[in-house]
């Protein structure tokens, strides 16, 4: 049987203590700067100031999905929620990002979506966050217009998911 020296025990305990103290890292999502009395949020369908039909529904759906999945704030109806997350799709811009050299025909577009959001407590209307947030995604153009439209819809879905992630983080951590 091998004898354990007291110096080895001290070194082992020292390293365990050092490593258990950590390096300042922590897991995201566990903490929040929200006050303890805020436990629920209502997310009514966003307004749409653009000509892109249905885009407000996609953004709202992504936000509801994000808040449901994250679980920090429960979803509730507008009349019973502690807070209200409202918003407006302010702009949706599509611009060419790739063109063929010979004919100058677009082969790729960039879709940029900007929303204005407001997050406030219902009982006293205190606004915790009011901000404009933008995201973008590129998508391919196809000779078939239906395929191009499907690609654009997928880009909108991806942008909405990115916006939902950013807005969720802003609400839970940045005020």
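The values are calculated or read from the model by the stated rules, or taken from the named source; none is laboratory data. As the structure is a computational prediction, the values presented were derived from the model and not from experiment. When we count neighbours, we look across all protein chains shown, and the Cβ atoms used for this are built from the backbone with ideal geometry, even at glycine.
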Filtered residues of the stretch 133-164 (kept if exposed (fewer than 13 other Cβ atoms within 10 Å of the Cβ) and either within 13 Å of the chain's Cα centre (by Cα) or assigned to a helix (DSSP H, G or I) (or both)): 145, 146, 147, 149
Unmet requirement for residue 29, which otherwise passes all of (1) at pLDDT 50 or above; (2) surrounded by 11 or more Cβ atoms within 10 Å (Cβ to Cβ); (3) in a loop (DSSP other than H, G, I, E, B): (1)
Report whether or not residue 63 is surrounded by 13 or more Cβ atoms within 10 Å (Cβ to Cβ), touching a strand residue (DSSP E or B) at 6+ places or on another chain (Cβ under 9 Å), in a loop (DSSP other than H, G, I, E, B) and at pLDDT 50 or above. no
Set 118, 134: member being at pLDDT 95 or above and closer than 18 Å to residue 67 by Cβ: 118
